[in-house]
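Derivation of every value follows stated rules applied to the coordinates shown; laboratory data play no part. No experiment lies behind these values; they were computed from the predicted model shown. Cβ coordinates were reconstructed from backbone atoms using ideal geometry, including for glycine residues, and neighbour counts include every protein chain displayed.
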Amino acid sequence: MALYDSPEIVENLITMTGEQRAYLSEIDGAIGDGDHGINMSKGFAQARERIHARATLPNLPQALDDLAMTLLEGIGGSMGPLYGGFFLAMSEALAEAGTLDRESFGQALTRGVESVQEVGNAQVGDKTLIDTLVPARDTYLEAQAAGLRFTECLENMVGAAEQGQLSTKDLQARIGRSARLGERSIGVLDAGATSCYFILKSMADSIRRLPVRSV
Amino acid sequence: MALYDSPEIVENLITMTGEQRAYLSEIDGAIGDGDHGINMSKGFAQARERIHARATLPNLPQALDDLAMTLLEGIGGSMGPLYGGFFLAMSEALAEAGTLDRESFGQALTRGVESVQEVGNAQVGDKTLIDTLVPARDTYLEAQAAGLRFTECLENMVGAAEQGQLSTKDLQARIGRSARLGERSIGVLDAGATSCYFILKSMADSIRRLPVRSV
Amino acid sequence: MSITSRAHPNQAVSQTFTAGRVGVVTGGGSGHEPAFLGYVGRHLLDAVAVGEVFSSPTAKSFYDAMVAADSGAGVACLYGNYAGDNMNVKMAIKMAERAGLTVRTVVANDDVASAPKTELAKRRGVAGEILMWKVGAAAAARGASLDEVIELAQRAIDQTRSVGIGLTSCTIPAVGKANFLIPDGQMEVGIGHHGEPGIEVRPVVSAHETANLMLDLILPDLPIVRGDEVALLVSGLGATPMMEQYILYGELSRRLQQEGVVVHRPLVGNLFTSLEMMGVTVTLMKLDAQLKADLDAPCESVGLTVVG
Amino acid sequence: MSITSRAHPNQAVSQTFTAGRVGVVTGGGSGHEPAFLGYVGRHLLDAVAVGEVFSSPTAKSFYDAMVAADSGAGVACLYGNYAGDNMNVKMAIKMAERAGLTVRTVVANDDVASAPKTELAKRRGVAGEILMWKVGAAAAARGASLDEVIELAQRAIDQTRSVGIGLTSCTIPAVGKANFLIPDGQMEVGIGHHGEPGIEVRPVVSAHETANLMLDLILPDLPIVRGDEVALLVSGLGATPMMEQYILYGELSRRLQQEGVVVHRPLVGNLFTSLEMMGVTVTLMKLDAQLKADLDAPCESVGLTVVG
Ligand SMILES: Nc1ncnc2c1ncn2[C@@H]1O[C@H](COP(=O)(O)OP(=O)(O)O)[C@@H](O)[C@H]1O
Ligand SMILES: Nc1ncnc2c1ncn2[C@@H]1O[C@H](COP(=O)(O)OP(=O)(O)O)[C@@H](O)[C@H]1O
Ligand SMILES: [Mg+2]
Ligand SMILES: [Mg+2]
Ligand SMILES: [Mg+2]
Ligand SMILES: [Mg+2]
């Protein structure tokens, strides 16, 4: 499958972070230090350089690994290890599967979320990217278990991710920089939960944009 | 002679510095750091304690040595070594002479001024206690050479000391703390030159206050 | 003693590393000079990951430090309890495991003001880290196994308590404005190394009273009691005059003497700073024979040199 | 290494003094911590006279230090060129001579900003004193005669040049108000250790430019030229953050590298301070084989420890 053999999904992620740069920083500015968009777009843009520096364009697992390594190398603080670990785990799962399909994506998403929880120790309700990731994964796996097609699973996942992202508005931050604000952190979206929604949506869009096939 | 065998001259010096404390600090305040009276009275008062801690009251050379040692021990900065050295040299000269008379006082004064110049390197005109000391000594030695009596030598010395002290008013300080002020140091008396005049006057007064004798 | 920066600028490696023994590494944000870099040296840290000002080093620079310090006997990563560092070290270890390295960690949590005693795991690591590094590195230097090094470094930090006070704030250069505020004439008791909020803001008091209120927070926490021997470390936070650090040290040592606590090893200076913050941290480590021997063992670095 | 205060509190004496060699002493006002007290130690100073804040010790305390450091081989009194210290040392020597001691002196005058080169004898001594003590004490430690110790200490300071800059003033506690003023955003180039006026007050510039303007004052004065080896000492004056000291050091070392001057021994830290002044002194000592050996010789003290 063409998508598995090219870095396209990752390229689209990189383009997306560039486009959302200002918006993500704006959200982070409300209850964080206003650099989330900068952190993300800087890290992702470095990944594009790494990918294009290769003699031949890498396949999806390799591109995800490049992205992960760039984040782990280029971004300190929390985004490097959280998203770096996320994409590294996805890369490993997809490489093991050797293909991109409903099952392997479900595996990759599951392993990715595991890494974020292992590294960051956040729970649903803490007002972090976990609030996007956990419902997205659960919904994907439910759809998969119910026998829905890959694109339907992705569609359901994106819907749950959006719900999860929006849920952070009414939450009080219990982890990360904004936790210091206590009740004052209520009323605005969480930056990481938002970027995470954009990431899942971008990946789903990349896959669904394919010519109709048996996915 | 009674004065040689008692600490009376030194006692009177100590009393004098207590009385002139405020005045000397006031003068120092104009172009210095305003502590000359404090430095002097503190150091001299400590000497009184040392003298009275002795089993028997010391003679003049010993009392001068006590005063010198107290100043050398109790006052840092410039007054300790300048006046400490002055009284130490006087003490040595008088001890060698074994008596207080016109010759031995002339010797003591000469040695004292030598010490101040050796330690402080100041010249006449630098606006320091040297402006009092040098003319006082010169005048004393002239009177002595001219065959005047001890009390007359002292009287001339005090007159020259006063002239010297007053001469500092129009001088620009070239040494010590007030030298930093440059031309702004002109117009006021030098604190050290003033205390030095009081010291020479006090010593002369102590000696002249004696019942008429062949001094 | 010499240090070189290998590979990339975010990492420093000691030239005195001897193969075959456990490697000792740490890492942290900049702005704490001479920490962390200044403690790379003979019988002290072997490699350090360097972050931006007040920001965790990347996972990759922790990983690079681990690789640099590994010679087959494993790596002890002894660092402070901050969210970013915890996350980056975790990912670094994942990378290290893929590369076949064995890495174990000890997380310093000596700051008594950062969480109650019932939540030790939430406490931040501050200047006590220096003593943890010293002990861990001394163990590594005498050929202890990775498990032994980890056990001793853990014991070291378990026996260590710190507290900080701040009188003025500091400014992260890239941000350009003070990252917190302490009103003039006030001091913040329990403030963290990056200006994390303390326990209370109160009027500045004399060195004597400051010593007392800091020891009143430290001594009961472990507790440290009559007859104990301690290492006493006073670190200026950046703008605290040396004279005042020594005056505070004098007051601390007087009070400890009254309490019957013996200072075995004093350390005073700008040893773990916080940019240009005015303030100080006080650290006590309760000693046993082993900790004493390891603290007393010779080492050589910019930040700390002990002659054997 | 331990220090005790004998006799009275204005004096400190090393416990590591070995009889039969030349004693090395100094003295000066307080407020310069860790100078002067902190340099008492093994193969460094044997005794120190301690004055009030920014005020010369008394003649008696210089004398006491000389007595404490004398074991028959004579005493080298290595101190800085200040009026009060000069006078008190002179009287101390007079007292010492009466007691049968042999004392010789070297007077540090490393501050290039304090007088033109034609009036070397008027220049003040600043942080270069540390290097003078190190060299003199190393000579004493290896059994050199008093004349040799004096000759080497003199050579050490003759080969040493310093300059200071100040960004903020400082307050003598007993006085209670700042003893001079530097306007915000300005810096005083050539300022002395007690706030003595410098050469010019000018807007603060970058670390890079600061390094250049300081070296432009120091290098031509000796001169120090391509191919020379130097010791480079950067001392914070009290409130200068460690990070900034290292940044300045980096700029200094880059410029020296460009000039072909090799830094043999770097020293950075709050080594000779000025209460809570913000600012820094930079000191260069031009080395020859002997000075190098004496600087590299082991010593142990609070302020400076060199492992052999
Ligand atoms: N422990 C954690 N687990 C999951 N996500 C976290 C955690 N800590 C912080 N985050 C996420 O990180 C986001 C902030 O990212 P960013 O602004 O790039 O980093 P920083 O907080 O260092 O400035 C938060 O909005 C939150 O979603
Ligand atoms: N080198 C010197 N030689 C002689 N007298 C001096 C010298 N330096 C300072 N003085 C005298 O010292 C006086 C100041 O003494 P004092 O105020 O007690 O000390 P300080 O200047 O340390 O505050 C000056 O008025 C001056 O007469
Ligand atoms: Mg942020
Ligand atoms: Mg940030
Ligand atoms: Mg005065
Ligand atoms: Mg004075």
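What the phi angles of the range A:168-173 give under the Karplus curve with 6.51, -1.76 and 1.60, with θ = phi - 60°, is a coupling list of 5, 4, 8, 8, 9, 5 Hz, glycine and proline written as x.
Rg and Dmax of the range C:3-158, both derived from C-alpha coordinates alone, stand at 13.9, 42 Å. Sequentially through the range A:19-26, phi angles give Karplus couplings (6.51, -1.76, 1.60; θ = phi - 60°) of 5, 8, 3, 5, 4, 5, 5, 4 Hz, Gly and Pro residues having no value and appearing as x. Charge tally around A:Thr128: other residues with Cβ under 12 Å, Lys/Arg +1 each, Asp/Glu -1 each, net 0.
Amide H to amide H distances under 5 Å link D:Gln186 with D:Val204, where only residues 5 or more positions off or on other chains count and H is placed in the peptide plane.
Please work out whether the range C:96-183 counts as rounded, prolate or oblate from its C-alpha gyration tensor, where a ≥ b ≥ c are the square roots of the eigenvalues and a/c under 1.5 means rounded, while otherwise a/b larger than b/c means prolate and anything else oblate? The shape class here is prolate.
Please arrange C:Met91, A:Met40, B:Met69 by how many other C-beta atoms lie within 10 Å of their C-beta, fewest to most. Each step should come with its number before you reach the end.
Numbers: C:Met91 26, A:Met40 29, B:Met69 20.
Exposure proxy ranking, most exposed first: B:Met69, C:Met91, A:Met40.
Residue-level result for chain A: its Cβ closest to the axis carrying A onto B, with that distance in Å, is A:Asp33, 25. Normalised by the number of residues in the range D:1-157, the mean separation of alpha-carbon contacts (under 8 Å, six or more apart) gives a relative contact order of 23 percent.
Across the range D:161-291, the mean sequence separation of Cα contacts (distance under 8 Å, 6 or more residues apart), normalised by length, yields a relative contact order of 33 percent.
Note that chain D shows a convex hull volume over its alpha carbon atoms of 116 Å³ per residue. Taking the average, over residues, of other Cβ atoms within 10 Å as the packing measure, peptides B:76-84, A:122-130, A:159-167 rank B:76-84, A:122-130, A:159-167 from highest down. Please label the shape of the range A:8-208 as rounded, prolate or oblate, based on the square roots a ≥ b ≥ c of the eigenvalues of the alpha-carbon gyration tensor (a/c under 1.5 means rounded; beyond that, a/b larger than b/c means prolate, else oblate). Oblate. Positive contributions from Lys and Arg (+1) and negative ones from Asp and Glu (-1), summed over other residues with Cβ under 12 Å from the Cβ of B:Glu96, come out at -1. Spin-label model, D:Arg226/B:Asn121: points 7 Å from Cα along the beta carbon direction are separated by 3.9 nm. Normalising the average separation of contacting C-alpha pairs (under 8 angstrom, six or more residues apart) by the number of residues puts the relative contact order of chain B at 21 percent.
When shorter helices are ignored and each DSSP H run of at least 4 residues is given -39500 (n - 2.57), the per-residue value for the protein assembly as shown at 222 nm works out to -15000 deg cm²/dmol.
Within the range B:23-136, the proportion of Cα pairs with more than 17 Å between them is 59 percent.
Specify whether the C-alpha gyration tensor of the range D:161-291 places it in the rounded, prolate or oblate class, a ≥ b ≥ c being the square roots of the eigenvalues: rounded for a/c under 1.5, otherwise prolate if a/b is larger than b/c and oblate if not. Because a/c hits 1.5 or more and a/b exceeds b/c, the range D:161-291 counts as prolate.
Annotation: amide H of C:Ala49 within the under-5 Å range of C:Thr26, C:Gly27, C:Gly28, sequence separation 5 or more or interchain, hydrogens built in the peptide plane. The alpha-carbon atoms of the protein assembly as shown define a convex hull whose volume equals 177 cubic angstrom per residue. With its label point defined 7 Å out from Cα along the Cα-to-Cβ axis, D:Ala289 lies at 5.0 nm from the matching points of the other copies, in increasing order.
Between the range D:42-61 and the range C:68-94, the C-alpha centres lie 47 angstrom from each other.
Averaged over C:207-213, how many beta carbons belonging to a partner chain fall within 10 Å of each residue's beta carbon? Let's see the in-between values first.
Numbers: counts 0, 0, 0, 0, 0, 0, 0.
Taking all residues of C:207-213 together, the mean is 0.
Starting from the label point of C:Gln186 at 7 Å along Cα→Cβ, the same points in the other copies fall at 3.3 nm, in ascending order. Between helix D:128-141 and chain D, what is the angle of the helix's C-alpha long axis to the longest principal axis, kept within 0 to 90° and rounded to the nearest 10? Tilt relative to chain D: about 30 degrees. Take each residue of peptide B:111-121, count the partner chain Cβ atoms within 10 Å of its Cβ, and average: the result is 2.
Charged neighbours of B:Ser25, selected by a Cβ distance under 15 Å, balance to -3 (K, R count +1; D, E count -1). Helix B:150-167 and the longest principal axis of the Cα set of chain B meet at an angle near 10°. Spacing of the modelled spin labels on C:Ala293 and D:Gln258, each 7 Å from Cα toward Cβ, amounts to 5.3 nm. Checking every one of the trypsin sites (Lys or Arg not before Pro) in the range A:139-215 against DSSP loop status and a limit of 12 other Cβ atoms within 10 Å picks out A:Arg209, A:Arg213. For the range B:1-36 versus the range C:215-243, the spacing of their alpha-carbon centroids is 48 Å. Placing a label point 7 Å from the Cα of D:Arg98 along the Cα-to-Cβ direction, the distances to the matching points in the other copies come to 8.1 nm, shortest first. Taking the longest Cα principal axis of chain C as reference, the axis of helix C:59-69 is set at about 70 degrees.
Of the cross-linked pairs B:Lys169/D:Lys90; B:Lys42/B:Lys201; B:Lys42/D:Lys177; A:Lys127/C:Lys90, those separated by over 26 Å at the C-alpha level are B:Lys169/D:Lys90.
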